[in-house]
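Undergrad: Okay, handing you the structure first.
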Amino acid sequence: MTRKGKEVVISTSLNHNSAEDEEEEGGFDHSKINGRPFSPFPSFSSRNASSKYDFVKVKVWLGENADHCYVLSRFLLSRMLTVTKIPNHVAIKIALELKKLLIDNSLLDVSQSDLEANLFKLMERRGYGEEYINHYKMMTRFHYQRVPLVILVCGTACVGKSTIATQLAQRLNLPNVLQTDMVYELLRTSTDAPLASTPVWAREFSSSEELITEFCRECRIVRKGLAGDLKKAMKDGKPIIIEGIHLDPSIYLMDEENKLPAKMPEKSETNTVSVSLDDDPARQLENNSVSENNTENSNCTTGYLTSEEGKSVNLVNKVVDSQESIDKAGSISDSKGETIKDLEGDRKTSVSLKSGPEPIIIPIVLKMAEFDHKALLEEWISTRSFSDKCPAEDKDKSITNLKIIQDYLISFKSQGLTVANISATTFPQTLDWLHGYLLQSIEQGISPVSSENGRQPAQN
């Protein structure tokens, strides 16, 4: 290799599979360990795979005047590369190769642009070219602009919300994951919020619309409990993932000023899944284009509720009427006759509140095949204890209530939300698709910011 300014020209004799590389990266095959299969999910233990090059500091200077700098970290760089969908073990190798390249050529002080120029060459040599480089640049721009990001992982019990949220957080290097179940319990036990100890899906209701109305009410209360975290995320421009059953997407998408949905990334016409599997992968993910004819929205979007069998028109009207009466009264009554104010404080701290770039809100609804989901629910419900409030014979009732709530959440796909079908046989492919979908949504969300502010320097 030869030096050309502070950018290094990499010779073709660079061997990516050298024994030194393998030794310094931990010396193991990521497909097998001691002859045993290794987990397909990315492992983030690269911090422990030390190298002699880690004892040498490389300073990366930022800005046109190079007045700020940071110390290059292999670990952080490899995490950034995994965000672009580069496999973790490859990202570790690329990060090590880059640091070796700089140190061997005595480049201990480099600019951000020179660092990226050398990084992109190494990526291309590994077969991760333009698409991955564009992802890297886009995510660097996203972090630089501090665009608030809210990812909602919605769905009923046992559809994989926590697993999906955790895996996406690792892949996208997002540290903040909130669970609505914990917020619900904190509000119920530590405040005077009208929340019952028995879950909404385990209670008796005279009709489906009454169940959905109560579900929406509880979602709004949980939303108020999340107001502080969301406000901080909006102010600081930090990404956050929220997962749980108490997530009504309409509450987070509603712009209270004009009663129209808040900004969501537009759907691409080519958002389809193309995974070669025995099970038809086109059915594993249901991704729908945004409806061109937007209807007027009520305060609670139970008006969006439509049944897959087309039998819920009357249910929609009843729920809308009940919600309108609640909004006019300005209060919500619980089963004990207690009241709370109807979200006036919540509206003041809605996700539309911002002091910088407009937040990107990406809701995802998870579903599962009915037979598989029912089997998981039966096992899950049997392990939970609600004293005598939820006897074993009411298991079918609870499953029916969960199905009604799930149908309500799935109905949002007519408004452009993504519905992902979770299956054990296609889970890795579904996770990979969701990773790509989120990258695409983030890119669409920050594009208006980029056009308004002009081209920003790529700094992380």
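The values are calculated or read from the model by the stated rules, or taken from the named source; none is laboratory data. All values reported here derive from a predicted model rather than from experimental measurement. Ideal geometry is used to build each Cβ from the backbone, glycine not excepted, and the neighbour counts take in all protein chains shown. Surface accessibility is based on the protein's heavy atoms, side chains included, excluding ligands, DNA and RNA. Shrake-Rupley method; radii C 1.70, N 1.55, O 1.52, S 1.80 Å.
Undergrad: Identify all residues within the range 199-236 that are part of a helix (DSSP H, G or I), acidic (Asp, Glu) and over 30 Å from HIS143 (Cα atoms); write none if there are none. Quick ask: steps written out before the conclusion?
TA: Narrowing the range 199-236 to residues part of a helix (DSSP H, G or I): 200-202, 208-225, 227-236.
Add one more test, that the residue is acidic (Asp, Glu), and what stays is 209-210, 214, 218, 229, 236.
Passing the criteria: GLU209, GLU210, GLU214, GLU218.
Undergrad: Residues in the range 155-178: is at least one assigned to a strand (DSSP E or B) and either of a type outside the set (Ser, Thr, Tyr) or more than 24 Å from TRP433 (Cα to Cα) (or both)? Step through it out loud before you land on a result.
TA: Taking the range 155-178 first, the residues assigned to a strand (DSSP E or B) are 177-178.
Those still in the list that are either of a type outside the set (Ser, Thr, Tyr) or more than 24 Å from TRP433 (Cα to Cα) (or both) too: 177-178.
Scanning the range 155-178 turns up at least one residue that is assigned to a strand (DSSP E or B) and either of a type outside the set (Ser, Thr, Tyr) or more than 24 Å from TRP433 (Cα to Cα) (or both).
Undergrad: Considering only residues that are free of Cβ contacts under 8 Å to residues at least 24 places away in the same chain and outside any helix (DSSP H, G or I), look in the range 70-100 and name the one that is surrounded by the most Cβ atoms within 10 Å (Cβ to Cβ).
TA: Looking at the filtered set, the residue picked out is SER73.
Undergrad: Separate question: For the structure I just gave you, tell me whether THR156 is free of Cβ contacts under 8 Å to residues at least 24 places away in the same chain, assigned by the TED database to the domain that holds ALA420 and of a type outside the set (Gly, Ala, Ser).
TA: Numbers: free of Cβ contacts under 8 Å to residues at least 24 places away in the same chain: no; assigned by the TED database to the domain that holds ALA420: yes; of a type outside the set (Gly, Ala, Ser): yes.
Spelling it out, it is not the case that THR156 is free of Cβ contacts under 8 Å to residues at least 24 places away in the same chain, assigned by the TED database to the domain that holds ALA420 and of a type outside the set (Gly, Ala, Ser).
Yes/no matrix, rows are residues, columns are (1) in contact with an Asp or Glu (Cβ under 7 Å, 6 or more places away or on another chain); (2) basic (Lys, Arg):
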| residue | (1), (2) |
| --- | --- |
| LYS100 | no, yes |
| SER111 | no, no |
| ASP114 | yes, no |
| TYR136 | no, no |
| MET139 | no, no |
| THR156 | no, no |
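Undergrad: If the Cβ limit is 6 Å and pairs must be 6+ apart or interchain, which residue in the range 201-227 that is without any contact (Cβ under 8 Å) to a residue 24 or more places away in the chain pairs with which residue that is of a type in the set (Val, Ile, Thr)?
TA: GLU214/VAL200
Undergrad: Go through the range 414-460 and count every residue that is modelled with pLDDT of 90 or more and charged (D, E, K, R).
TA: Of the residues in that region, 2 qualify.
Undergrad: Go through the range 426-444 and count every residue that is of a type outside the set (Gly, Ala, Ser), assigned to a helix (DSSP H, G or I) and open to solvent by less than 10 Å² (accessible area, probe 1.4 Å).
TA: The number of residues fulfilling the criteria is 7.
Okay, residues lined up against (1) modelled with pLDDT of 95 or more; (2) surrounded by fewer than 19 Cβ atoms within 10 Å (Cβ to Cβ); (3) of a type in the set (A, V, I, L, M, F, W, C):
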position	(1), (2), (3)
TYR144	no, yes, no
VAL147	no, no, yes
LEU152	yes, no, yes
CYS158	no, no, yes
ILE164	yes, no, yes
LEU168	yes, no, yes
LEU174	no, yes, yes
